[in-house]
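These notes are about the structure you will find just below.
The values are calculated or read from the model by the stated rules, or taken from the named source; none is laboratory data. Fair warning: this is a prediction, and the values are worked out from it, not measured in the lab. Neighbour counts are summed over all protein chains in view; Cβ atoms, including those assigned to glycine, are modelled from backbone coordinates with ideal geometry.
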Amino acid sequence: MFSEAVKAILAEVDPKLKITGAERLMHIAYQRAIKGSYKHLELLLGYAEGRPRQGMDVTGVSGPTLPTNDEELDKRIAELLGEQKRATVQ
């Protein structure tokens, strides 16, 4: 509901400027980027070019690869629960 309201406001055309709210905000961001605002430059480039893909580390703290599917995950959980149960008994 909130996002719909924001989209509606950004789509409204300013009668004097003849541009939408979104266009006005992008113009402001552009002006600030030109004046040296890295934050605004990053915002504009992120929307214009897309953000670079982020890598994801799928190794555990000790280095082994973490499970990537339900079968592997269930097996690893069972192993850990077995280790915990053995440690509790001792």
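Mind listing whichever residues of region 36-71 are at pLDDT 85 or above and either loosely packed, with under 10 Cβ neighbours inside 10 Å or not hydrophobic (A, V, I, L, M, F, W, C) (or both)?
If the condition is that a residue be at pLDDT 85 or above and either loosely packed, with under 10 Cβ neighbours inside 10 Å or not hydrophobic (A, V, I, L, M, F, W, C) (or both), then GLY36, SER37, TYR38, LYS39, HIS40, GLU42, GLY46, TYR47, ALA48, ASP70, GLU71 are the ones that fit.
Could you please tell me which pairs satisfy a Cβ distance under 6 Å, a separation of 6+ or placement on different chains, a first residue in region 24-35 that is assigned by TED's automatic domain parsing to the domain that holds ALA11, and a second residue that is in a helix (DSSP H, G or I)?
Final answer for the pair search is ALA29/HIS40; ALA29/LEU43; ALA29/LEU44; ARG32/HIS40; ALA33/HIS40; ALA33/LEU41; ALA33/LEU44.
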